[in-house]
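Read-outs: derived from the displayed coordinates by stated rules, not from any lab. Model, not experiment: these values are computed from the prediction. In this analysis, Cβ positions are derived from the backbone assuming ideal geometry, glycine residues included, and neighbour counts consider all displayed protein chains.
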Amino acid sequence: MRKYIWKTGKLISICFILAIACAFLPAGKVHAEPVKIVIDPGHGGTNLGAQYNGFTEKYMTMVVANAMAEELKKYEGIEVYMTRTEDVELSLQQRADYAKSVDADFFFCLHFNMSENHTLYGSEVWISAFGNCYAEGKSFGELCLDEMDTLELYRRGVKTRLNKDGLDYYGVIQHCEEYGIPACIIEHCHLDHREDKGRYETTEALKQLGVLDATAVAKYYGLYSPESKKDYRGYDVPKVEVPVKVVKPDDTEPENVSLTCLRVKEETGEVNLLLTGRDEDSGLLYYDYSINGGQNYSGLQKWEAPGNELEFTIKVPADQDILLKCRVYNGYDLDTETETITIPALSGGSRKSIEDTVSEEAGAAGQRAGGTASAAESVSGQETGGMDMPAPEEETVEASGNAHQIDMKWYEEKDAEKEKDEVFITGSDVSRFLWLVILGLLVAVLVVLVIARAKFKKQQKKARYRGRRR
Ligand SMILES: [Zn+2]
């Protein structure tokens, strides 16, 4: 009997240790069920999406989506679904309904971008402004932009946008949020800006974007690929807290914007400038400058300084008075103008010191209100000539204004009946819960056995003692 109990106790102890080991294995991520994701190639059918220089978005998103799916199929623990594999038109509601029908954990909507005046460049991710959909969207979105960084695509941020009813502006995000499914719109890059060239013109380049999207997903879910040996099981995904309130987009322009002339090199016409600005909400993204008091502006320059100050040098023509002015843009493309600095023509006439000639035009600093399109408002097609300003884009095909106008219509048509958010229990939650129950039971059994064994020993001892006394 004693032997039997001892053996059973040993066995249970081993089970107990194994259970603990299993529970803590792949970095705490045990998916009882595979993760289910939906890839949504934007546009399709008569909905062409952005069109520029012979590129059509609906075909491009398909190539990226296929590459993303193919790459993800190399990983364990994930099921990949696609809203479309053909050139068909789907409404935004249909796309979200599909995600719901497959019980998706995440919805990835793939797009390419264009701006109204062809001024913007870089990658951005749009997400829901609400609850868990925000938290998951933000967390994934940053990983996704990290991947785009590897192609040196400028980081335009992970952002929310609301419609006039205070709901998510983008239809797929709104409809997915209603189903409790986190959704991201990945705007990989801008087709109408030379800064983003080289990232989308070939099938190979598009496939690479798909692989990067897939890598972000693999990192997000801590996946492992036996085929490619890529192992993100211990990948540290920065945690984003679930917000208690709606995460509103930034609707205020940058503050404390000012321009200072540091020095002028008369021989070369180089002017060294210090630009400052601040935006606590969405950070500073771009700046541009004018040498004729704001009639024309340079193309958007990257705000590559980590802080609120940025030093840069421009070359100005020697034969004219220079009226320097800058605009500073935040993460939502809202801008604030600086005051104007005047530098008299460098050549001819008597030269005065820069301290004497630099004057600030009173009241010139003005904030301009505007929507997200304001970034481009006063940039005319004609760029200021000479100097280090970008030349105008050569356009063989005229862009169709706002590439997402077609989407806009869809965003407005909303579903009458709204299913309320459901509580989603993911595979990993279930498995973690089960492990806890098993662990609890094992501990209980072990405790009972230890007590029983101790009692049994005590009784035996007593019996032996009594036996000896007799
Ligand atoms: Zn699009």
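Some notes on this structure:
- When the trypsin sites (Lys or Arg not before Pro) in the stretch 234-320 are filtered for DSSP coil states and for at most 11 other beta-carbon atoms within 10 Å of their beta-carbon, the remaining sites are Lys239, Lys245.
- Listing Met148, Met82 from fewest to most neighbouring C-beta atoms within 10 Å gives Met82, Met148.
- Beta bridge orientation in the stretch 29-168: antiparallel %, DSSP, nearest 5: 20 percent
- Among 182-194, 155-167, sorting by the average number of other beta carbon atoms lying within 10 angstrom of each residue, highest first, gives 182-194, 155-167.
- Qualifying GluC sites (Glu not before Pro) in the stretch 53-99, DSSP loop, other Cβ atoms within 10 Å at most 14: Glu76, Glu86, Glu89
- Exposure proxy ranking, count of Cβ atoms within 10 Å, fewest first, for Arg327, Arg199: Arg199, Arg327
- Prolate/oblate/rounded call for the stretch 178-306, Cα gyration tensor, a/c under 1.5 rounded: prolate
- Going by neighbour counts of Cβ atoms within 10 Å, the residues Ser91, Ser139 line up, fewest first, as Ser91, Ser139.
- Protection proxy ranking, peptides 289-295, 93-99, average beta carbon neighbours within 10 Å, highest first: 93-99, 289-295
- Förster radius 35 Å - calculated FRET efficiency between Arg233 and Thr313, Cβ distance, rounded to 0.05: 0.15
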